[in-house]
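Reading through the structure tokens given below for one structure.
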Amino acid sequence: MKIKHDKEKDYTDFTAAQNASGQAMVRFIETWSGMMECAMEHGAAGVTETAGLTVRAAAKAAGISRDEDVLAGAAMLLNCWAYGDELREWFVYHPPEILSGQLDAAPRHVSQELYDAIPKLVDAYPRILETTPDLLGGQQVVNQAQPEATHPVMSM
């Protein structure tokens, strides 16, 4: 997990406080941020789309089962994670029931960049298949940009 500059002490204090109450929140934060970083390292364009794809798997891996705990972990990432500012959009516009809501088998629309990063993400974090079992099944509808014209386009 990449920590924001000047937030190292905040994160160290947080993890030390978690030692007294168990490490589930730390495991969740580090797994979730790791999944998102992995996807971005392999070409995914941004955090917002990747956050929605990985949040359930990270929560399950850490033993987190309450929506409130996911939001608390996301709030810590907003503060300390190097990509926290990018996570803000997901945090503000996420569905209210992150874990308790209806589980879709796989996201219906993902960008081409995230779609291409999925095999590497699954290699690094195989538990993602527990929450999204057909992720590698190729059933996702990929949002593709219109191909560039091979000839000049005239406009008036």
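Packing order of peptides 83-90, 52-59, highest average first: 52-59, 83-90 (average count of other Cβ atoms within 10 Å over each peptide's residues). Packing, as the average of other Cβ atoms within 10 Å across residues, places the peptides 65-78, 118-131, 24-37 in the order 24-37, 65-78, 118-131, highest first. Our coupling estimate for region 81-89, obtained by passing each phi through the Karplus curve with A = 6.51, B = -1.76, C = 1.60 and θ = phi - 60°, is 7, 4, 9, x, 5, 6, 6, 3, 4 Hz, Gly and Pro reported as x. Computed from backbone phi, the HN-Hα couplings of region 46-56 come to x, 6, 4, 5, 5, 4, x, 6, 9, 4, 5 Hz, rounded to whole numbers (Karplus: 6.51 cos²θ - 1.76 cosθ + 1.60, θ = phi - 60°; Gly and Pro given as x).
Residues whose amide H lies under 5 Å from that of W81, counting only those 5 or more places away or on a different chain, are K4; hydrogens are built 1.01 Å from N in the peptide plane. Applied to region 23-34, the Karplus parametrisation 6.51 cos²θ - 1.76 cosθ + 1.60 on θ = phi - 60° returns per-residue 3J(HN,Hα) values of 10, 4, 5, 5, 4, 4, 4, 6, 5, 5, 5, x Hz, with x for Gly and Pro.
Read the figures in this text as sums done on the coordinates, not as results from a lab. Quick caveat: nothing in here was measured; it's all calculated off a predicted structure. All Cβ positions, glycine included, derive from the backbone under ideal geometry; neighbour counts span all protein chains shown.
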